[in-house]
Amino acid sequence: GQPARLGWLGGIAAILGFAVFFCTIPVSFKKQRRFFVGTAWFAAVQLIQLSWMTSIEFQGYYVLFVYLLLAVGLAAQFGFLTWLIPSTGRIPLSKLFFCAAIWTLMEWLRLFFLCGFSWNPIGLALTDCLYSLQMSSIFGVFGLSFWVMLTNLWAVNIWRAKRKSFYFVSWGAMACIPYFFGIVHLNHHSSKNQGYPDQLRVALVQTALLPTQKIPHLDRMMDFISPLEQWTRIIHSLKSKQAARWDLIILPEAAVPLLSDQGFYQYETIRELLI
């Protein structure tokens, strides 16, 4: 349920995905077994969602060890959360907020204790839709994670509680709040955009270079393209569009080598290229 895969599944995961897992754990499982089941399930999820880390062409085989270590580390956090959640009966309101807060805290602690890992918080499940994404403007992605887990734990009570209608209605309201807030938020700010241009001329530049073409690698020096040539291609691709002006030029992250304030080529050469 992450936007980079199948975005629409993110909306389902945000309101129900974890709840289904919690509800299917057999009641007979002891806490220790619940921990290992939660860890194994979440590890499988992470191995899929982080599978982009398995490329060994430029990092070597050690990246596979890092990949497995991260998956298990993230999974252990979820296993601990599974251990905290009562196996039977309705989850009390205080326990709901406590578990959602603990999970949010554990995601935040990854920045400090899990190799500084900042990717893949569960709050990303709400970011595929423009409307639900707006809640991040108040709480950030960790606030979205809190809301996702709180909504899922509330859904567990639908399964366990006797007064299912009350929990179903309140769960539906919780599921809709991010989208309702987003609609109001966007409508509120759209009125402030009057007087600004209706359109922006944006150039989206894709250099389409392999790592060995962008940065020198000792064993593949023949692939390397000089930074001056890289910039020349970018400038010429912009010029070929014959645009009078650009409001915004967007390039990929780390699109070219060298630092922005690093004097590497002659000033006259660069000036002539830009002209």
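In the set Leu74, Leu68, Leu50, which member is closer than 30 Å to Trp159 by Cα and modelled with pLDDT of 90 or more? Break it down into steps so the answer makes sense when it comes.
Numbers: Leu68 fails: closer than 30 Å to Trp159 by Cα; Leu50 fails: closer than 30 Å to Trp159 by Cα.
Among Leu74, Leu68, Leu50, only Leu74 is closer than 30 Å to Trp159 by Cα and modelled with pLDDT of 90 or more.
Scanning the range 41-58 for residues that are over 15 Å from the mean Cα position of the chain (by Cα) and outside any helix (DSSP H, G or I) returns Ser55, Ile56, Glu57, Phe58. As a summary of the residue check, Met106 satisfies the conditions (1) open to solvent by 30 Å² or more (accessible area, probe 1.4 Å); (2) within 20 Å of Ala40 (Cα to Cα) except for the one numbered (1).
Of all the listed residues (Tyr61, Tyr67), the sole one being within 19 Å of the chain's Cα centre (by Cα) and over 25 Å from Pro178 (Cα atoms) is Tyr67. Condition check for Asn187 on (1) within 25 Å of the chain's Cα centre (by Cα); (2) open to solvent by 70 Å² or more (accessible area, probe 1.4 Å): one failure, at (1). Test Leu209 against the stated conditions and say whether it is open to solvent by 70 Å² or more (accessible area, probe 1.4 Å) and of a type outside the set (Asp, Glu). For Leu209, the condition - open to solvent by 70 Å² or more (accessible area, probe 1.4 Å) and of a type outside the set (Asp, Glu) - is not met.
Taking the criterion of being part of a loop (DSSP other than H, G, I, E, B) and either open to solvent by 10 Å² or more (accessible area, probe 1.4 Å) or β-branched (Val, Ile, Thr) (or both), would at least one residue in the range 60-80 satisfy it? Yes: one or more hits. Restricting attention to the range 21-40, the residues that are open to solvent by 80 Å² or more (accessible area, probe 1.4 Å) and either in a helix (DSSP H, G or I) or of a type in the set (Asp, Glu) (or both) add up to 5. Of all residues being of a type in the set (A, V, I, L, M) and either in contact with a strand residue (DSSP E or B) (Cβ under 9 Å, 6 or more places away or on another chain) or part of a helix (DSSP H, G or I) (or both) in the range 111-137, which is farthest from Leu47 (Cα to Cα)? Just the residue, please. For the range 111-137, the residue satisfying everything is Leu130. Residue check: is Ala100 open to solvent by less than 20 Å² (accessible area, probe 1.4 Å) and at pLDDT 95 or above? It is true that Ala100 is open to solvent by less than 20 Å² (accessible area, probe 1.4 Å) and at pLDDT 95 or above.
When you scan the range 247-275, how many residues do you find that are open to solvent by less than 100 Å² (accessible area, probe 1.4 Å) and at pLDDT 90 or above? Outline the logic, then answer.
Narrowing the range 247-275 to residues open to solvent by less than 100 Å² (accessible area, probe 1.4 Å): 247-252, 254-258, 262-263, 265, 269-270, 273.
In the following step, the residues that additionally are at pLDDT 90 or above were identified as 247-251.
Within the range 247-275, residues that are open to solvent by less than 100 Å² (accessible area, probe 1.4 Å) and at pLDDT 90 or above number 5.
If you filter the range 167-176 down to residues that are without any contact (Cβ under 8 Å) to a residue 12 or more places away in the chain and either open to solvent by less than 100 Å² (accessible area, probe 1.4 Å) or among the polar types (S, T, N, Q) (or both), you find that the one that is nearest to Phe139 (Cα to Cα) is Cys176.
The values are calculated or read from the model by the stated rules, or taken from the named source; none is laboratory data. No experiment lies behind these values; they were computed from the predicted model shown. Quick reminder, even Gly has a Cβ in these numbers, built from the backbone with ideal geometry, and neighbours come from all protein chains shown. The protein model used for the area step is the full one, side chains on, heavy atoms only, and it has no ligands, DNA or RNA in it. Shrake-Rupley method; radii C 1.70, N 1.55, O 1.52, S 1.80 Å.
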